[in-house]
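Reading through the structure tokens given below for one structure.
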There are 2 protein chains.
Amino acid sequence: MSLLTVGSVAFDALETPFGKTDKIIGGAATYITLSASYFTKDNNLVAVVGDDFPQTMIDDLNQHGINTEGLEIRVGEKTFFWSGKYHNDMNTRDTVEVQLNVMEDFDPKIPESYQDCTYLMLGNTAPSIQQMVIERLNERPKLIVLDTMNLWIEIANPDLMSLLKLVDVLVVNDEEARQLTREYSLVKAAAKIQTMGPKTVIIKKGEHGALLFSEGKTFFAPALPLEEVFDPTGAGDTFAGGFIGYLAQTDDISFDNMKRAIIYGSAMASFCVEKFGAERIMNLTKEEINQRVNEFVTLSAFGL
Amino acid sequence: MSLLTVGSVAFDALETPFGKTDKIIGGAATYITLSASYFTKDNNLVAVVGDDFPQTMIDDLNQHGINTEGLEIRVGEKTFFWSGKYHNDMNTRDTVEVQLNVMEDFDPKIPESYQDCTYLMLGNTAPSIQQMVIERLNERPKLIVLDTMNLWIEIANPDLMSLLKLVDVLVVNDEEARQLTREYSLVKAAAKIQTMGPKTVIIKKGEHGALLFSEGKTFFAPALPLEEVFDPTGAGDTFAGGFIGYLAQTDDISFDNMKRAIIYGSAMASFCVEKFGAERIMNLTKEEINQRVNEFVTLSAFGL
């Protein structure tokens, strides 16, 4: 089924203990659609860039079957830019520079050909813009998945609360879940978020895996224990892209299928951190993905 | 098969955000043997207390089938005492007071009737004392499991290195594994520990579960997501007790059975944190344990 992803397409400059990059392609929607491209062929992007964004990067997206009809290119303006530096533990980072540029007044335009989308992934951006996307669709998609971040919980709380009422699944990390609910226990936090709107809550715990709460049930997906994390940038978005891409491909939103989708998302995220930026998830094979998913089976399976 | 546990039996005084206790029974060997008592009937304790240790507490251990023939009671001396205060997040604590008392010159005496032990659990205490236990056994047990802590890694490193060569399984938490190996990645840390002696390494990650490394394979056991952690004291020892108790009961040290043993250990630990000290693991039924283990299956099972 068709997937629509809305979010940022950006330039990133990254520095980790292993090295640094020049401006490379980044942004939530980039990671989401690239990750989803290994699952769904009807993969539609809405985002905005400046005319400094190279055609070769758009070609890269198209080569992964991503439909960029909804990628607005604003002449005379510059692409969103973020640069960050990771600390030695790779779990914390400092933002070195942010230039909002075209994202300052992102006005998401939905091409007519996208109107039949069944799955909607709202990548991290201002809640008011995310809500605009829902309102600009003629029909409500079958499943709306929302990502957000600490910034919006702080500075746009009423907008976020209004938006939460409209979505089916919230994907956040543990700190965001705690910040949103003021509950330390993730079980209590998830229950509280469910009263805010989303029936399904996914809490990402980075190297500690991810929790799925839905229908009164709980599922835990481990993260693959890795020898080395080269660059964690985009891992959360890659996770979300694998999750919704798998759901769109299978068109099954049962709890059991969401469990599988989270495992696929976790597998995609485990690839993402192996190289800088989106490099690794640009160059994957189905065989590699299936092999990685089988590693998750081996890692967590036990018989009584 | 018979299990021998050596370690501390102590008085603890605990303070958490939920309340505080007077002197209650504590100590690594207390938690280990109580937890193991739900699995093995041949459950032998070596420890030392002062004559201030009440007979009723010894009765409690005996009622759980724990053989206290090896519990030395030193007349005119006082029992090891520890008091601690947990912070609001329940993940960090301050030691308020430590009185080593009888533990200062703990000289573990192995009763003749314990000499045939098949499984040996070396609860956390000075590595030189732990090594003494191995040397005082006429025959090497089938499996030797070692717990240690940051203190010994710091102040008794040569002793610990010598001891590590003699044991089969090391159980440590993530910080201890990193401290011992100076490797941040737990995968690398486990591999390095395996070069120090133990073929099997278990890394406890508290609320984030536990990892088992052995025979080139890795298994991850989740922790049960809990609404409330009432008191984490003893959870790690309870985990170790469930692990070795299950192994002793089944007398099977294959990788597949160690996976099951870790799930049972995790289930026992999830009970431990529900009440103060050892209160909850003193009052469990087999049905409760089996039900809890099934919750681990539900939590982590998925089909592709």
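Of the trypsin sites (Lys or Arg not before Pro) found in the stretch A:240-288, those that fall in a DSSP loop while having at most 16 other beta-carbon atoms within 10 Å are A:275. Loop-resident GluC sites (Glu not before Pro) (DSSP state other than H, G, I, E or B) in the stretch B:1-78 with no more than 13 further Cβ atoms inside 10 Å of their Cβ are absent.
Remark: label point of residue A:19 defined 7 Å out from Cα along the Cα-Cβ vector; separations to the same position in other copies 5.8 nm, ascending. Could you name every residue in the stretch A:71-96 that has 30 Å² or more less accessible surface in the full protein assembly than in its own chain alone (probe 1.4 Å, ligands and nucleic acids excluded)? Relative to the lone chain, where solvent access is computed with a 1.4 Å probe, the stretch A:71-96 loses at least 30 Å² at A:89. Please give the total accessible area that chains A and B bury against each other, computed with a 1.4 Å probe and expressed in Å² to the nearest 100. It comes to approximately 3000 Å² buried between A and B.
Contact with the other protein chains removes 40 Å² or more of accessible area, compared with the isolated chain and a 1.4 Å probe, from these residues of the stretch A:271-301: A:299, A:300.
In the full protein context, the protein assembly as shown carries 39 Å² of accessible surface per residue, based on a 1.4 Å probe and ignoring ligands, DNA and RNA.
Expressed to the nearest 5 percent, the antiparallel share of DSSP beta bridges inside chain A is 40 percent.
Closest approach of a chain A Cβ to the axis relating A and B (residue, whole Å): A:208, 2.
Here is how far apart the residue A:75 label points are across copies: 10.2 nm, shortest first, using a point 7 Å from Cα toward Cβ. Beta bridges from DSSP with both residues in the protein assembly as shown: antiparallel share about 40 percent, rounded to the nearest 5. For the stretch A:215-247, a decrease in accessible area of 40 Å² or greater in the assembled protein chains relative to the isolated chain, with a 1.4 Å probe, applies to A:218, A:219, A:220, A:225, A:227.
Output the pairs from A:259/B:199; A:23/B:204; A:205/A:275; A:23/B:188 with a Cα-Cα distance over 28 Å in this structure; if there are none, say none.
A:259/B:199; A:23/B:204; A:23/B:188
Screening chain A for DSSP H helices whose Cα atoms reach 20 Å or more along their own axis and whose mean Kyte hydropathy is at least -0.5 gives A:235-250, A:255-272. Gyration tensor over the Cα atoms of chain B: the corresponding equivalent ellipsoid has semi-axes (square roots of 5 times the eigenvalues, largest first) of 26, 23, 20 Å. Inter-copy label distances for residue B:1: 5.4 nm (label point placed 7 Å from Cα along Cα→Cβ; shortest first). How much of the accessible area of the protein assembly as shown, in percent, comes from carbon and sulfur atoms when a 1.4 Å probe is used? That share works out to 49 percent.
The values are calculated or read from the model by the stated rules, or taken from the named source; none is laboratory data. Please read all numbers here as calculations on a predicted model, not as lab measurements. Positions of Cβ are generated from backbone atoms using ideal geometry, with glycine treated the same way; all protein chains shown enter the neighbour counts. The area values use the complete protein model at the heavy-atom level, side chains included, leaving out ligands, DNA and RNA. Shrake-Rupley method; radii C 1.70, N 1.55, O 1.52, S 1.80 Å.
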